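This report refers to the structure that appears directly beneath it.
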Amino acid sequence: MMPGTVVLVPGPLDPDSVWADVASRLPYSAVAPDGAADRPPYAVGWVASLAAPLHASAPRGPLVVVGHGTAGPLLPALARTQRAARRHVGGYVFVDATLPRPGAPSQLDLLRAADPDTADAAHAALHEPGTATWPPAAARPRDHDFWTERLPPAPDWPDAPCAYVSTGGLVPGVGPVDFWARSARARAWPVSTVDDGDDLATALAEVIANLP
């Protein structure tokens, strides 16, 4: 498909710069708003922090929403804000991301599905005395409330074509990316793998072009 705008969404654990290189090299109009929320409810605050600059920039549709890391399960809620503004969401791409699941799981539930041992370690770390946050490798480690709050449900989703891009390895808070890539294949989504030395912007542009 030919998007009007590609919306590059950082995960709540990501640094501000996670999409900087890709955004500048996509052959499409792209915006990369920063999503941050420093108090509960984290998911609602994160969605609102992204929706506000998107509304201000008035991106041209159709939108392709691209999410990284722990942004994955929040993309349906972000897309609802854009449809409420009468913007057409034409597709979703998950890059090394957790996937939405039925019901209202927590981020910790999703991590447990991919990597039970790491989820147990996270649970233990988040119960240590003091203001415990996790994971230490993340740019924005989060507290117990972030990991255990119920995420916004995603009824009647997906409402547009989806694809998955895997660069392999581990992403803080996501667990093994291969688990989520297999989950995407089980949903009959196209899955692309970016090998070491390959260019993510080029691969992402191809994936977007091939969305129905």
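Each reported figure results from applying straightforward, stated rules to the coordinates on display, with no laboratory input. A quick note: this is a predicted structure, and the numbers were derived from the prediction, not measured. We place every Cβ from the backbone using ideal geometry, glycine too, and count neighbours over all the protein chains shown.
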For the range 160-212, Kirkwood radius (reciprocal of mean inverse C-alpha pair distance, Å): 11.7 Å
Peptides 131-144, 158-171 ordered by average Cβ neighbours within 10 Å, highest first: 158-171, 131-144
Nearest-ten-degree value, helix 42-57 long axis tilted from longest Cα axis of the chain: 20 degrees
Neighbourhood charge, 13 Å Cβ-Cβ cut-off, centred on Leu75 and excluding it, Lys, Arg +1 and Asp, Glu -1: +2
Residue-span extension gain [Asp196 to Ala20] - 0.36 nm each, minus C-alpha spacing: 61.5 nm
Amide N proximity, the range 39-76 versus Thr131 label position 7 Å along Cα-to-Cβ, cut-off under 13 Å: 39-40
Over the chain: helical MRE at 222 nm, DSSP H runs n ≥ 4 each giving -39500 (n - 2.57), nearest 500: -10500 deg cm²/dmol
For Val9, distant residues with modelled amide H under 5 Å away: Val66, Gly67, His68
